[in-house]
Amino acid sequence: MTVAEQEALPTEGVPEADPQGRAASVVVRDCEGGEVELDPAVFAAPVKRGLHYDAVRQYMAGRRAGTHATKNRGLVAGGGRKPWRQKGTGNARVGSRRTPLWRGGGTVFGPQPRDYSYRLPGRMQRGALRSALSLCASEGRLRVFEDFSLEGPSTRAVVRRLEEWDANGGRVLIVETAPSDELYLSTRNLPTVEVVSVKALHCYEVLKAKTVLIRRSALAPLTEKLSEEGSSEAGSPEAGSS
């Protein structure tokens, strides 16, 4: 395929650009009925399904317990005595009942406890999260809210507020700068509502949710975390020496 043919292919999730080459702005609905303009570098990035797969696979691998274990012939109980003498019985020679060839014997090359987690490069994780947020914004599943205004732990108040925002259908992801104790205690009994901070936000949680609610005060740190300029400055030698 030539370069011209590759450029002619449609790119999923890429916003239209103006004549100066800048990406178009992203506007999403506010829970109070208004509109919020978001950074197109984070919320209008190209949607890359391959990054989604890599990020979700790494996330699910890290959640595996890895406590599976089978017994080899050294761990199976019994078998301390030779079943029969070596010669003269007409049977095949055998030294222990714990042999893997017999029923109830040890297992050969069975699964043993291990750690399935592995590291995914930070640039891939940030790219996958940008892609997931851009997909939610393009599908209209991303909303911005001001505050839950909870005076104390109250699950009923949270459910009522989600109904007012028309966000009570399906799984809801609430992104906070730092989740308060009131919000955490109010949502822990709701199986379809998950509260996460900006630092712990992952691509898997965004893709799993039907509605993503981001607090207005969390937009700035989220944009700084996922912007290419902010990530490059954080990893530069000058930033580490300061």
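Readers should treat all values here as calculations from the given coordinates under stated rules, not as data from a laboratory. None of the values given here were measured: they were computed from a predicted structure. As a convention, Cβ positions derive from the backbone with ideal geometry for all residues, glycine included, and neighbour counts pool all protein chains shown.
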### Query
Using the Karplus equation 6.51 cos²θ - 1.76 cosθ + 1.60 (θ = phi - 60°), what ³J(HN,Hα) coupling, rounded to whole Hz, does each residue of the range 136-150 give in order, writing x for Gly and Pro?
5, 5, 5, 8, x, 9, 10, 10, 10, 10, 8, 5, 7, 6, 8
### Message
Can you give me the long-range amide H partners of Ala45? Hydrogens built in the peptide plane at 1.01 Å from N, cutoff under 5 Å, separation of 5 or more residues or another chain.
### Response
Ser134
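For the peptides 111-117, 93-99, what is the packing order when you average, over each peptide's residues, the other Cβ atoms within 10 Å and list the highest mean first? The partial results should precede the final answer.
Working: 111-117: 10.7, 93-99: 14.9.
My ranking of the peptides, most packed first, is 93-99, 111-117.
Can you give the extra length, in nm with one decimal, that the chain gains between Thr192 and Ala178 once fully stretched, where that is 0.36 nm per residue apart less the Cα-Cα distance? If you can, show how the numbers build up before the last one.
Values: separation 14, 0.36 × 14 = 5.04 nm, distance 1.99 nm.
Full extension from Thr192 to Ala178 adds 3.1 nm.
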#### Entry: Cut-off 17 Å (backbone N to label point 7 Å along Cα→Cβ of Val108), residues of the range 60-102
70-76, 93-102
### Summary
With x for Gly and Pro, the residue-by-residue ³J(HN,Hα) of the range 104-114, computed from phi through the Karplus equation 6.51 cos²θ - 1.76 cosθ + 1.60 at θ = phi - 60° and given in whole Hz, is x, x, x, 9, 8, 6, x, x, 10, x, 7
### Query
At what distance in angstrom do the alpha carbon centres of the range 153-182 and the range 49-108 lie from each other?
48 Å
### Query
Taking amide H positions as placed 1.01 Å from N in the peptide plane, with prolines and chain starts having none, which residues 5 or more places from Val193, or on another chain, fall under 5 Å of its amide H?
Val172
### Query
Near Leu173, within a Cβ-to-Cβ distance under 11 Å, what is the net charge of the other residues, with Lys and Arg +1 and Asp and Glu -1?
+2
### Summary
Non-local residues with an amide H under 5 Å from the amide H of Ile214, with H modelled 1.01 Å from N and Pro and chain starts lacking one, are Arg143, Val144, Phe145, Val175
### Query
lysines near Lys210 by alpha-carbon distance under 26 Å, same-chain residues fewer than 8 away left out - which ones?
Lys48, Lys199, Lys225
### Using θ = phi - 60° and Karplus 6.51 cos²θ - 1.76 cosθ + 1.60, couplings along the range 92-102 (whole Hz; Gly, Pro as x)
5, 5, 8, x, 7, 6, 8, 4, x, 6, 9
### Query
Val36: net charge of surrounding residues, Cβ under 13 Å, Lys/Arg +1, Asp/Glu -1, itself excluded?
-2
